[in-house]
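> Questions regarding the structure given below will be posed in turn.
The values are calculated or read from the model by the stated rules, or taken from the named source; none is laboratory data. Treat the numbers as computed from the prediction; the structure is a model and nothing was measured. Here Cβ is always computed from backbone atoms with ideal geometry, including for glycine, and neighbour counts include all displayed protein chains. Remember, those area values only see protein heavy atoms, side chains included, never the ligands or the DNA or RNA. Shrake-Rupley method; radii C 1.70, N 1.55, O 1.52, S 1.80 Å.
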Amino acid sequence: MSKVFTVVSGKGGVGKSTFCANIAISLAEQKKKVLLIDGDAALRSLDLLLSVDSMVVYDWLDIIEKRCDYSKARLFYNDNLQLLPAPLCCPESLTKEMFSDMLDIFREEYDCIIIDAPAGTGKLPMLYAALSENVIVVATPDEVSARSACVVGNALIKSGIKEDNMRLVINRFDEKAVKKGKLLNIDDMIDKTYIRLLGIIPEDRNLMYFSVSQKLLPDYSDTKNAFLNIAKRILGKEVQILL
Ligand SMILES: Nc1ncnc2c1ncn2[C@@H]1O[C@H](COP(=O)(O)OP(=O)(O)OP(=O)(O)O)[C@@H](O)[C@H]1O
Ligand SMILES: [Mg+2]
């Protein structure tokens, strides 16, 4: 039976989709079966990040609205990692029950289902979060991102998500800039968001190149290790949070 994770943020562009793609790759490398769902209807990006865009014909709305069988919408990145692309638009009539029925098709087969949500506190992030065991809030170490992560955290709690099922990932962390006082430090981020820390991903140009060249992170790099450590924590292993 799979565990479902929704990845959200307050403001946009903080690295949710980059995080989703790379954490899914790390979990798959840990021999877990992973289904990545692009939940960002209209602004899908995971098909591009995983370089399967040319194979997209159907999406998860086609499964919900019974235009295709689930196996036709699912794209294989590798044996352990598959992607469900997002529809180009999402009808107002979509309900939690409809999405939940679609998730149920996959729950037996996968160890982890990761949903990449749109930024903000709109209907879709709240709907996905309500169907997830855990919600991961991604934020960059600056005041605007921290405040918006706090806002999304409060909205999640108001919608019924338990504080204990919510975790923070600080993305684009640059230790040198923090030491110079140019970026918020880890304690500031936790204090300002009121969300417990799951992990820290460094600022890394390789992640930017990933979206164009699909070149994977080099093995044993700090960033690769950061994803690996978060993947292990997600799987319930005790791994120290290191910079
Ligand atoms: N750790 C990082 N280091 C350097 N660049 C990063 C890092 N994480 C993400 N980026 C870059 O930041 C940009 C935004 O990333 P991404 O599209 O993943 O954000 P997002 O939160 O999914 O955006 P949106 O809210 O629009 O869906 C991309 O150019 C990506 O390559
Ligand atoms: Mg995105």
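> Quick check: at a probe of 1.4 Å, how many percent of the accessible area of segment 1-152 sits on carbon and sulfur atoms?
Answer for segment 1-152: carbon and sulfur cover 52 percent of the accessible area.
> Using a cut-off of under 11 Å, list every residue of segment 145-186 whose amide N is near the label point 7 Å from the Cα of Asn225 along the Cα-to-beta-carbon line.
Nothing falls inside the zone, counting backbone N under 11 Å.
> With 27 Å as the limit, write out which pairs from Lys31/Lys123; Lys182/Lys237; Lys32/Lys158; Lys16/Lys215 have Cα-Cα distances beyond it, or answer none. Mind dumping the intermediate values first?
Values: Lys31/Lys123 33 Å; Lys182/Lys237 33 Å; Lys32/Lys158 32 Å; Lys16/Lys215 18 Å.
Pairs exceeding the cut-off: Lys31/Lys123; Lys182/Lys237; Lys32/Lys158.
> Quick one: compute the contact order of the chain, relative version, from alpha carbon pairs under 8 angstrom and 6+ residues apart, as a percent.
Normalised by residue count, the contact order of the chain is 25 percent.
> A further question follows. So what is the relative contact order for segment 108-243, in percent, with contacts set as C-alpha pairs under 8 Å and at least six apart?
Reported as a whole number, the value is 20 percent.
> Using C-alpha positions alone, give me the convex hull volume of the chain per residue in cubic angstrom.
Dividing the Cα hull volume of the chain by its residues yields 117 Å³.
> Using the heavy atoms of the protein chains alone and a 1.4 angstrom probe, what is the accessible area of segment 104-151 per residue in square angstrom?
Numbers: 1620 Å² over 48 residues.
Counting only protein heavy atoms, the per-residue value for segment 104-151 is 34 Å².
> Is it possible to state the helix-based mean residue ellipticity at 222 nm for the chain, with each DSSP H run of 4+ residues giving -39500 (n - 2.57), the sum divided by total residues, to the nearest 500 deg cm²/dmol? What is it? Write down the numbers at each step before the final one.
Numbers: 11 runs with 98 residues, N = 243.
After summing the helix terms and dividing by the residues of the chain, the value is -11500 deg cm²/dmol.
> Next question, about the same structure. According to a simple spin-label model (label point 7 Å from Cα along Cα-to-Cβ), what is the distance in nm between Ile105 and Ala42?
Between Ala42 and Ile105, the simple spin-label model gives 2.4 nm.
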